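The values are calculated or read from the model by the stated rules, or taken from the named source; none is laboratory data. Quick caveat: nothing in here was measured; it's all calculated off a predicted structure. Cβ placement follows ideal geometry from the backbone for every residue including glycine, while neighbour counts extend to all protein chains displayed.
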Amino acid sequence: MRTVGLISDTHGLLRPEAVAALRGCDVIVHAGDVGDPKILDELARLAPITAVRGNVDEGDWANLLPASAVVTVDDVSIFVIHDVAELRAEAARSGHRVVVSGHSHRPGWNEDGGVLFVNPGSAGPRRFKLPIFVGYLSIEGATVTPRLLTLTPQR
């Protein structure tokens with residue numbers, strides 16, 4: 001079994017709790033609104049990382065990030081985009097088993113037409129009184145199991 005760590009909407013803040021939660025993952029996906037390229041550097045020390053550009057990511061470093069990306073883990077194709085509203089439904093179903101997005105800061109997942117849509121929520125500064133989250137995909141062959149983890153910030 002392989003574990004994909006999911007993180008989004010860090011907005012320039014990589015919490016130590018998020019780093020601890022993602023340690024040991026085989027792959028990390030950042031679904032945009034990174035806010036600071038140092039975050040990607042630190043996450044890359046934990047595992048290979050795929051990141052996409054979010055609406056707050058600006059500057060030369062952000063221009064190097066794609067608007068969307070595809071990660072393949074075992075038999076599972078994962079499509080990554082920051083705002084799922086920008087995704088055309090037919091693109092999501094063109095061979096991808098999972099779509100990972102951020103933007104809303106609302107963690108959750110649902111399955112639609114055989115595609116698992118996962119939003120790991122926001123791991124950065126607390127906004128909208130929403131909890132702070134990261135997520136995981138456990139992948140074994142073609143089987144995908146999502147999980148979300150609430151982070152409790154240290155005082």
_Which listed residue is of a type outside the set (Lys, Arg) and at pLDDT below 95, from 44, 91, 18_ = 91
*In region 90-106, how many are over 20 Å from residue 57 (Cβ atoms) and touching a residue at least 12 places away in the same chain (Cβ under 8 Å)?*
7
_Testing residue 127 on (1) surrounded by 12 or more Cβ atoms within 10 Å (Cβ to Cβ); (2) under 18 Å from residue 82 (Cβ atoms), one condition comes back false. Which one is that?_
(1)
*Could you grab me the full set of residues in region 38-78 that are out of contact with any Lys or Arg (no Cβ under 6 Å at 6 or more places or on another chain), surrounded by 18 or more Cβ atoms within 10 Å (Cβ to Cβ), among the aliphatic types (A, V, I, L, M) and assigned to a loop (DSSP other than H, G, I, E, B)?*
52
*Residues in region 103-119: is at least one surrounded by fewer than 13 Cβ atoms within 10 Å (Cβ to Cβ) and of a type in the set (Lys, Arg)?*
no
*Is region 31-50 home to any residue that is touching a Gly at 6+ places or on another chain (Cβ under 9 Å) and among the hydroxyl-bearing types (Ser, Thr, Tyr)?*
no
_Close pairs from region 35-57: first in contact (Cβ under 8 Å) with a residue 60 or more places away in the chain, partner crowded, with 17+ Cβ neighbours inside 10 Å and assigned to a loop (DSSP other than H, G, I, E, B), Cβ under 6 Å, at least 6 apart_ = 35/10; 35/11
*So which residues in region 121-143 are of a type outside the set (Ser, Thr, Tyr) and under 19 Å from residue 47 (Cα atoms), if there are any at all?*
123, 133, 134, 135, 137, 139, 140
